[in-house]
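Taken together, the values in this text are just the output of simple stated rules run on the coordinates, not laboratory data. Everything numeric in this text was worked out from a predicted model, so none of it was measured. So basically every Cβ, Gly included, is an ideal-geometry build from the backbone, and we count neighbours across all protein chains shown.
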Amino acid sequence: MCEGSERRPLEDEGARVEDGRSRSNATRRKNFTAGLCCIGGVVAIWIASSELIEWILDDQGLQRPFFLTAFSTSMFSIYLLGFLIYPSWRGLPSRSDSERSEALLESADREQDAVNTMLPWRDVLRLSSTFAPFWLAANWTFNASLCSKCGTGTSVASNTIISSTGTLFTFLLSLLFLKDERDGLRVAMIKGFCVSLSFVGVTFVTSFDGSSKEGESQWGDMLALISAFFFGAYSVLLKMKIPDENTVHLPMFFGFLGVVSTAICIPILVFLHVAGIETFELVPWGVVGYLTVNSLVGTVLSDLLWAQGVILT
């Protein structure tokens, strides 16, 4: 009897451990699937946005890719309206407060625990400041690669294919800076093979991209490749600094990213105007409407979905 009664608690404990593992794996698969859906939506948005950007820059005569970048970036700031909508944004505790109240947090409900694990807004601001240069570099070079009349543009098709090399840079940088214990040697080899195929395809595209349209240039291919590198670096940095969605309010992060990036863009716009590279002029209201639509959908929404997809996968 004693032996049986001692064995039963051990069996119950083993069952609980196994049940916990099953739930963890199920949650991981669910998050991974949701992340892939986010990334799939972003791909569709980015392709449509690339067509719209090329049309705005060339057909509408707005040959100012950096102004387009600055305008789109500033729209991120609308996320900071969350400070008016969500009280938790204004009441996030500091790390020291969280440490002193650790005992209380352990007994709080799950929703309150989730709030208290979030970074304070000052830390989120510093985090956004770290990402801003990468984001601006990636988007500026991407937009410039679509401006044929600027002498730096390539076709949308070439831009889209070359931009896919972001997977190569993401893979290589993740091998250097990220270590995913879930990936064994076999999985890493499969990923490497798929990324290599992608790179071979891009090599063919750039080799035979003979500037079939007037104004297209190899500069556009090069800028698209540089943009892909910065997007890859941005993705890996995002995964390093924000390992899961319970660490940072992503809308708050992008809101601060918009404010910091705009502060960086203003002196650059002044320099470009003085240097005669991009002359600052008032934009027609019709074009402003297209810029706003592209910014809200192609930047504000798509980058939030993309960041969520990177974190979940």
May I ask you to evaluate 6.51 cos²θ - 1.76 cosθ + 1.60, the Karplus curve with θ = phi - 60°, for each residue of the stretch 283-296 and list the ³J(HN,Hα) values in order in whole Hz, giving x for glycine and proline?
9, x, 4, x, 5, 4, x, 5, 4, 5, 4, 4, 5, 5
I'd like the distance separating the alpha-carbon centroids of the stretch 240-313 and the stretch 44-70, in whole Å.
14
Would you kindly derive the ³J(HN,Hα) couplings of the stretch 265-282 from the backbone phi angles with the Karplus curve 6.51 cos²θ - 1.76 cosθ + 1.60 (θ = phi - 60°), listing them in order in whole Hz, with x for Gly and Pro?
6, 4, x, 5, 4, 4, 4, 5, 5, 5, 6, x, 7, 9, 6, 7, 9, 5
Ranked by how many other beta carbons lie within 10 Å on average, peptides 67-79, 136-148, 42-54 from highest
136-148, 67-79, 42-54
Rounded to whole Hz, the Karplus (6.51, -1.76, 1.60) HN-Hα couplings of the stretch 61-73, x for glycine and proline
x, 8, 8, 9, x, 6, 4, 4, 5, 5, 4, 5, 5
Inter-probe distance in nm under a simple model that places probes 7 Å from Cα toward Cβ, at Leu175 and Lys241
2.5
